[in-house]
Structures are given as C-alpha cells and as structure tokens.
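Asker: This is the structure I want to talk about, given as structure tokens.
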Amino acid sequence: MARNTPLFQRIDWTTVIIYLILVVMGWLSVYGASYDFENPTSILDFDQRAGKQFIWILTGFVIAGLILLIDAKIYNYFAYIIYGAIIFLLILTIFIAPDLRGSHSWIVIGPVNFQTAELAKVATSCALARFMSSYNYKFRSWKDLFPLLGIIFLPMALIVLQKETGSALVFCAFFLVFYREGMKGIVILLGFLAVVLFVAVIRFSEIKVGSGSLGFLIAMLIVLMIQLTYACVIEKDFKQSAFVLLGACLIAIIAYLLFFIFKINIDFDYVAVGIIVLSSLFWGVLALFFRKKRYWTIVFISIASVIFSFSSDYLFEKVLEPHQRNRIMVVLNMKEDLRGDGYNVNQSKIAIGSGGLFGKGFLNGTQTKLKYVPEQDTDFIFCTVGEEHGFVGSIVVLALYAFLLIRLLAIAERQRDAFARVYGYCVASILFLHFVINVGMVLGLMPVIGIPLPFFSYGGSSLWSFTILLFILIKLDSERR
C-alpha cells in the first residue's frame, strides 16, 4: 500500500473482526463455564473469572493498539535481542517460579500469575523470521536446517525443564513453516512415520506372536510397505526391485504360517528385523551399483525405523512421566480409567454429547455448571461451547478458526518482505497446532497435554501472547509496499 495511506485504512480489518468475535465468544464461554446456579454473579464481577478475563481482554486491546503504533521494523531489528531476553526469562523462571500443580512455569507477581512459555512463542517466531530472511538464505542441504533447530530446541528444552511438556510440543509447529520455505517434505513424513510406529508398537505390544509382539511385527510391516511403495510408485524404471520386496513379504508370510502349522516357537521380532535389514542391504547394493544416491534415503528410513521401533518401549516406560503414559493409554483404549486419567475426557465428551444439535442454551449447561468437567474454563473450554450451543454452535466456532487460519495464510503469502512472510506462517502454524490439539483432546482424539484454545481459554498469559502474535503480523501487513 502507499506510504501516505492512513494506518486505519491499511489494517486488515477482516482479521481484526474475527479476533474480536473469538475473544468475545471466549469471554462469554468463560462466564458460562464458571457460572454458579446457587450463587449467580455478574459477568463483570471482578472477583470471578469472567470479570478477570474482561480485564485481560481490555489490557490485550491496549497491547494490540500499542503494537499497531510502533514502527514495524523494530520486530526485525530487535528480533535476536527479544529472543535472548525471553531465553533469560525462561531460565530465571526455572529457579524462581513456585511449584503450581507440579509445574515451575508461572511467575507470580502479586495476584497475577504469568506463564513465560507463552511469550517464548512470539520471540521464537521473530528470531526464526529474522534468520530465514537474512541475505541469500535458502534450504539447500540438511546443514541449513541445523541453526533453525537450535533456535527452536533451546526454548523447548527450557520449557520441558519447567515441566510444561504440552507448551513445548507446540514448537513443533515451526516445521510447517520450514516446509513452506523450502525444507523437504520427507522431514515431516519422518515425523509422522515416527508417531505411527510408536503407536503401533505401544498399542499392540502386549499381544504376543510367537516370542515376539504383534506391535513390532506391524511396525516392520509398515516399513516394508513403504519400501514396496517406493519401488512401485517412485522408482517405476526399476520394477524388479518390487518383485524382490514382494519375495520378502512372502518369506514373512511363510514364517508366520510355520508358527501355526508346526507350532514352532519363532521370535517374529527378529524375523521382521532380518527381513528389513536384508531389504535395506538390497537398496544399498542398488545405490552402489547404479550410483543412485536417492536410494540411500530409503535405507536410512528403514534402519532408523528399526532402531526407533526397538526404543519405543523404552521411551514409553522410562522417558514419559506416569501421568503421560496413562493419558496415552486412555486415548489408545489400552485402559479405561474413568475415575483417574480418563475422567476429564469422559466428562468432556458427556458434556458435548448432551448439547445435542442446538445446545441447552447459554448458562443452562448442567455438566459444566455442576463442575463435572475439570479445567472447563481453561483447557476444556470447548466442552462448554458444545453443551450450551450444541453441534451448530461448535461448527460455528470451528468455522471461525478455519476462516482465521485461511486469512492468515493469505496475509503471509501477499507479503513482499521475507521476514513478514515467515513470521506470518509462524503465527498461522502456532494457532493451527493449538487449535487441533486442544479440540482433539477435548473430543478424546488426542492425549490430554494441557494447552489453551486460542482467544477462548481463560488466562491472561495465553490471551496476551496470541494477541501479540496476531497484531505484530497485522502491523507488518499494514506496512507492506
């Protein structure tokens, strides 16, 4: 836009209006979730959570206004300084923060508790945008990814030390930004494969096949199918490799049949690993003989998958905390703990289901008003929407988030400056992951990891951080030429 155009006309008001709608709807939902039938209070009672949220909203508007008045260049010029300051604050938080429900992530200032991990998302977004917008930076090889991983993993590690695993996982959203900026999609596919293998091994680990487990057998079968797909779809000019891999599958089937027919005690874990190792050697020979370096990719994926599958049980039993293991087991239907780790999700699903098509009406939800759902005005705020406004109201909220995300992507794509474009994708990716994980855990589709729903959940830390994230992008967009 022209330099002399007034700021009021340069602001993307569509995004601002969606933000205002979500914030107001979130405020009403907080009031509905904290409303007490026996002791009704005003929505502006500042001793109650709805009143406190109103103060957070007003201060958030002030912060948004200040961001719009500040020169947009400051976020680029001082990105590393902001990042360094937040890293220092994260380190300080580990030592000075009190223990609140097992977490050392909240700084207490009088009556106000503030979570420093929320600001780390803003600082990391600025630092990544600054680094990736530097002169002639492009994804040319794997080494170009290492500095970015350092920028991400440093705050992640500090947040994990604060016992806030959920907030740390949100930083994985930045890999979507890397993909947009040129990172090979295989990195994201490897992450997805790791999740699939982990779930397969853990979910079916107790089902024995011979001396091995069905989970490990399924994991190796997935790896073999990946090799087979690579041979049939990607490497069409070398179809004989597909027949070799089909032969490997046939060997596995024969070994499996021998177990049932002759009652032979076979450790199918080693049979499966042996087949994957032999097939990997096959691809390695092809890579050397035909001088095709891309074949080493499938070798690396196969060997890494075997190692990761073997270590999945160790990661699950030794690395994860007991409550984290229990939540994963509940989601995977490995245990039914309706009075323990599965209680929150079960009550949330009851509340949402009881809302029906149009809901019970504002302030008429029984599950939430009778406090059956824990954390119903923070992490589980979406169940209040489902109970009071039903399926229709839930769809409206989901549509608003979808519209906001699409709008953010459009804003990011129209930027002429690399810093603004990368930052825009950082904002969209963070909001997307928060939205998917929060709604997914409320519906019982994901483990409960405790992250807020943007602009909806009660709390000043999350509302301020999301407001800062969003309005820095709006300011950058208003300054595009």
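Just so it is clear, none of the values below were taken in a lab; they were calculated from the coordinates. Fair warning: this is a prediction, and the values are worked out from it, not measured in the lab. Quick reminder, even Gly has a Cβ in these numbers, built from the backbone with ideal geometry, and neighbours come from all protein chains shown.
Asker: Which Cα, out of 418, 309, 390, lies furthest along the positive dipole direction of region 275-421 (beta carbon charges, K/R +1, D/E -1)?
Answerer: The residue sitting farthest along the positive end of the dipole is 418.
Asker: To the nearest 10 degrees, how steeply does helix 214-229 sit against the main Cα axis of the chain, on a 0 to 90 scale?
Answerer: 80
Asker: Hey, another quick one. Report, as a whole number in µm² per second, the diffusion coefficient that Stokes-Einstein gives for region 344-418 at 37 °C and 0.692 mPa s using the Kirkwood radius over alpha carbon pairs.
Answerer: Estimated via Stokes-Einstein, D reaches 245 µm²/s.
Asker: Next up: If I model a spin label at residue 11 and residue 332 as a point 7 Å from the Cα along the Cα→Cβ vector, what separation in nanometres do I get?
Answerer: 4.9
Asker: What number comes out for the charge environment of residue 284, summing +1 per Lys or Arg and -1 per Asp or Glu over other residues with Cβ under 13 Å away?
Answerer: My count for the surroundings of residue 284 gives +4.
Asker: Give, in nm to one decimal, the length gained when the segment between residue 318 and residue 62 is fully stretched (0.36 nm per residue of separation minus the Cα-Cα distance).
Answerer: The span from residue 318 to residue 62 would gain 87.6 nm if fully extended.
Asker: Turning to a different aspect of this structure: Under 21 Å Cα to Cα from residue 475, which lysines show up? Leave out anything in the same chain fewer than 8 places away.
Answerer: Partners within reach: 73, 121.
Asker: Now for a separate question. May I ask for the longest run of the chain untouched by GluC sites (Glu not before Pro) that are loop-located per DSSP and have at most 15 neighbouring C-beta atoms (other than their own) within 10 Å?
Answerer: 39-205
Asker: Cα-based Rg of region 82-170 per 2.2 N^0.38 Å, rounded to two decimals?
Answerer: 1.22
Asker: Near residue 360, which aspartates and glutamates are there with a Cα under 15 Å away, not counting those fewer than 8 places off in the same chain?
Answerer: 387, 388
Asker: Sorted from largest to smallest, which semi-axis lengths in Å does the alpha carbon gyration tensor of region 1-117 give for its equivalent ellipsoid, taking the root of 5 times each eigenvalue?
Answerer: Working from the Cα gyration tensor, I get semi-axes of 31, 26, 10 Å.
Asker: Next up: Using only Cα atoms, figure out Rg for region 82-126 and give it as a multiple of 2.2 N^0.38 Å.
Answerer: 1.14
Asker: Moving on. What is the gain in length, in nm to one decimal, between residue 169 and residue 349 on full extension, counting 0.36 nm per residue of separation less the C-alpha to C-alpha distance?
Answerer: Value of the extension gain: 62.4 nm.
Asker: Per DSSP H run of at least 4 residues, take -39500 (n - 2.57); add these up for the chain, divide by its residues and hand me the 222 nm value, nearest 500 deg cm²/dmol.
Answerer: -22000 deg cm²/dmol
Asker: Sticking with this one: From the alpha carbon gyration tensor of region 1-67, can you work out the equivalent ellipsoid semi-axes (sqrt of 5 times each eigenvalue) and give them in Å, largest to smallest?
Answerer: The three semi-axes for region 1-67 are 34, 12, 6 Å.
Asker: Which of the lysines could be linked to residue 143 by a straight reach, that is with a Cα gap under 22 Å, when you skip same-chain ones fewer than 8 residues away?
Answerer: Partners within reach: 184, 292, 293.
Asker: Bin by bin, in steps of 5 Å, what percent of the Cα pairs in region 327-481 do you find, going until the bin that has the longest distance?
Answerer: Per 5 Å bin, starting at zero, the Cα-Cα P(r) for region 327-481 comes out as 2, 10, 17, 18, 16, 14, 10, 7, 5, 2, 1, 0 percent.
Asker: Give, in nm to one decimal, the length gained when the segment between residue 92 and residue 135 is fully stretched (0.36 nm per residue of separation minus the Cα-Cα distance).
Answerer: Additional length available on full extension: 12.1 nm.
Asker: Working only with C-alpha atoms, what are the Rg and Dmax values of the chain, expressed in angstrom?
Answerer: 25.5, 86
Asker: Sticking with this one: Averaged across orientations, what area in nm² does the convex hull of the alpha carbons in region 115-234 project?
Answerer: 10.3
Asker: With axes computed from alpha carbons, what is the tilt in degrees of helix 343-354 against the longest principal axis of the chain, rounded to the nearest 10 within 0 to 90?
Answerer: Helix 343-354 and the main axis of the chain meet at about 70 degrees.
Asker: Okay, next question. I want to make sure I understand the PRE zone here: with the label point 7 angstrom from the Cα of residue 398 toward its beta carbon, which residues in region 441-474 have backbone N atoms less than 12 Å away?
Answerer: Label zone hits: 443.
Asker: Which residues does a label at residue 414 reach in region 11-30, if reach means a backbone N under 19 Å from a point 7 Å past the Cα toward the Cβ?
Answerer: Only 11-20 pass the distance filter.
Asker: Another one. Output the peptides 130-138, 171-179, 28-36, 86-94 sorted from most to least packed, where packing is the average of other Cβ atoms within 10 Å over each peptide's residues.
Answerer: 28-36, 171-179, 86-94, 130-138
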